[in-house]
Each structure stands twice: as structure tokens, then as C-alpha cells.
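Single-structure report; data block below.
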Amino acid sequence: MSNDVYKSVEHRVLANPLHEARVSVAIFFNTSDRESLFGPLPELVSPDKPARYRQFTMSDYMQRFFKKELDGKTLTNYYRV
């Protein structure tokens with residue numbers, strides 16, 4: 001969605017031996033619209049910064065997610081241009 005403007009890391013949880021408080025943030029995404037196209041936000045794509053990911057439908061995403069076609073890779077790599 002951010003066309004690599006905002007970076008993220010693969011989520012890995014490690015137990016904190018110091019027992020300090022942890023904060024988790026839940027993000028909800030409505031997957032009922034299966035045929036709309038999702039991809040990099042138009043505001044973050046320009047001739048100087050072309051899209052780094054192709055658009056996809058939620059139907060395609062869910063199908064790939066549940067078929068386990070990833071071979072240990074994230075779906076992000078699959079949609080990379």
C-alpha cells in the first residue's frame with residue numbers, strides 16, 4: 001500500500017525476560033469486497049517513483065494465502081514488480 005515508503009519488519013514475538021509491559025495494536029481490514037483492486041496508493045506513485053507492487057484483488061490474495069504457495073516467502077514478494 002505504501003509503495004515501500006513506510007517500511008515494516010516481519011513480525012516475530014520474543015518473550016521479554018524483564019517482564020516489561022508490551023503494547024500490541026490490532027488493525028482490522030474488511031475482506032468482504034473480493035473484486036476491488038488493492039495496491040500502492042496513487043499518492044505514493046509517480047513517474048519518478050513507479051509502483052513497486054502490482055495490484056491484486058482480495059479474492060486472489062486469499063486464494064494464494066490459503067494455498068500455501070509461498071515456500072517460506074511472504075506474499076509481499078509475490079506481488080513485487
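Some notes on this structure:
- Maximal additional length on extending the D60-V25 stretch stands at 10.0 nm, based on 0.36 nm per residue less the C-alpha distance.
- Environment charge at V81 (Cβ cut-off 9 Å; Lys +1, Arg +1, Asp -1, Glu -1): +3
- Amide H within-cut-off set for N3, under 5 Å, with H built and near neighbours excluded: L41
Values quoted throughout were computed directly from the atomic coordinates according to the rules given, and no laboratory measurement underlies them. Note that the coordinates shown come from a computational prediction; the quantities given were computed from them, not determined experimentally. All Cβ positions, glycine included, derive from the backbone under ideal geometry; neighbour counts span all protein chains shown.
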